Amino acid sequence: MPQLSYYCKSTSCERKNYLKVKSNNRFELQQEIGNEVKRNGFFCGTYAVTHINRLHLEIGKWVMVMTLITCVILSALLFIVGWISTVTFTIPIWFYFDQQKRANLFNKTMISRH
């Protein structure tokens, strides 16, 4: 599943950190955690406050790997049986592109700062 990421504000660290929340858009995220994320950096331990507009939704690398593995297995099984495997090859790829579309929509939507 997609994951939220943000960069550490510490000048010595500046690494990417991740949050585990299950929101479909920034408005649901705002209701869940508020306007700001108050976290310690995972690598440096620096306490920082990050506005939710600075969070970005990313597709995990394992999603692509699992998609490819599922495509190969389903296509091979249906090829052995003698069925057309084109449809089973496209379903996991469609899932990946759906996740990518969800991430793009999340990243385009911003909350007003007032």
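The values are calculated or read from the model by the stated rules, or taken from the named source; none is laboratory data. From a predicted model like this one, the values you see are computed outputs, not experimental measurements. Backbone-built Cβ (ideal geometry, glycine too); neighbour counts: all protein chains shown.
Which one is surrounded by the fewest Cβ atoms within 10 Å (Cβ to Cβ) among residues in the range 1-14 that are part of a loop (DSSP other than H, G, I, E, B) and under 17 Å from the mean Cα position of the chain (by Cα)? So that I can check it myself, show each step before the final result.
Quick first cut of the range 1-14, residues part of a loop (DSSP other than H, G, I, E, B) only: 1-2, 8-14.
Pick out the ones that are also under 17 Å from the mean Cα position of the chain (by Cα) and you get 1-2.
Working: Met1: 11, Pro2: 16.
The qualifying residue surrounded by the fewest Cβ atoms within 10 Å (Cβ to Cβ) is Met1.
Just for helices (runs of 4 or more DSSP H) wholly inside the range 16-114: which have at least 1 residues that are β-branched (Val, Ile, Thr), modelled with pLDDT under 85 and out of contact with any Leu (no Cβ under 9 Å at 6 or more places or on another chain)? Lay out the reasoning, then the answer.
On the way: elements: 26-33, 61-81, 86-108.
Per the criteria, 61-81, 86-108.
Restricting to the range 2-36, name every residue that is more than 14 Å from Thr46 (Cα to Cα) and in contact with a Gly (Cβ under 8 Å, 6 or more places away or on another chain).
Here is the first cut: in the range 2-36, the ones more than 14 Å from Thr46 (Cα to Cα) are 2-5, 18-36.
Across the range 2-36, the qualifying residues are Pro2, Gln3.
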